[in-house]
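Presented below is the structure to which this report refers.
The values are calculated or read from the model by the stated rules, or taken from the named source; none is laboratory data. No experiment lies behind these values; they were computed from the predicted model shown. Here the Cβ positions follow ideal geometry from the backbone for every residue, glycine too, while neighbour counts run over all protein chains shown. Areas reflect the complete protein model, heavy atoms only, side chains present, ligands, DNA and RNA absent. Shrake-Rupley method; radii C 1.70, N 1.55, O 1.52, S 1.80 Å.
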Amino acid sequence: MGIADQFKDKANELADRAKGAKDTMDDRNQDRESTADRAKDAADKGRGKARDAADDMRGRASER
């Protein structure tokens, strides 16, 4: 095995490791996006509940 083959093997190994790192980062970014989407949905749901509660209070106040 010549030195050129050793360099080629090392370059391939490093390329594989870089691809693995990129895949890991892509997975983490997707997880973050998913978490952000869930947080936004929860916030929207919370705002809806708060709006409903405020409407309910207004309705009760107008009944008095």
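Some points to look at:
- Computed from backbone phi with θ = phi - 60° and the Karplus coefficients 6.51, -1.76 and 1.60, the 3J(HN,Hα) list for the stretch 49-56 is 5, 5, 5, 5, 5, 5, 4, 4 Hz; x is used for glycine and proline.
- For the chain, the share of accessible area belonging to carbon and sulfur comes to 53 percent (1.4 Å probe, ligands and nucleic acids excluded).
- Average accessible surface for the chain: 92 Å² per residue, computed with a 1.4 Å probe over protein heavy atoms with every protein chain in place.
- In the frame of its principal axes, the chain has Cα extents of 93, 7, 5 Å, reported largest first.
- The calculated FRET efficiency for the pair Ser34 and Asp9, based on their C-beta separation and a Förster distance of 30 Å, comes to about 0.20.
- In this Cβ point-charge picture (+1 for Lys and Arg, -1 for Asp and Glu), the chain has a dipole of about 460 debye about its Cα centre.
- Under Karplus coefficients 6.51, -1.76 and 1.60, residue-wise ³J(HN,Hα) of the stretch 39-46 in Hz, glycine/proline x: 5, 5, 4, 5, 5, 4, 5, x
- Among Thr35, Ser62, Ala21 - extreme Cα towards positive end, dipole of the stretch 18-64, charges at beta-carbon: Ser62
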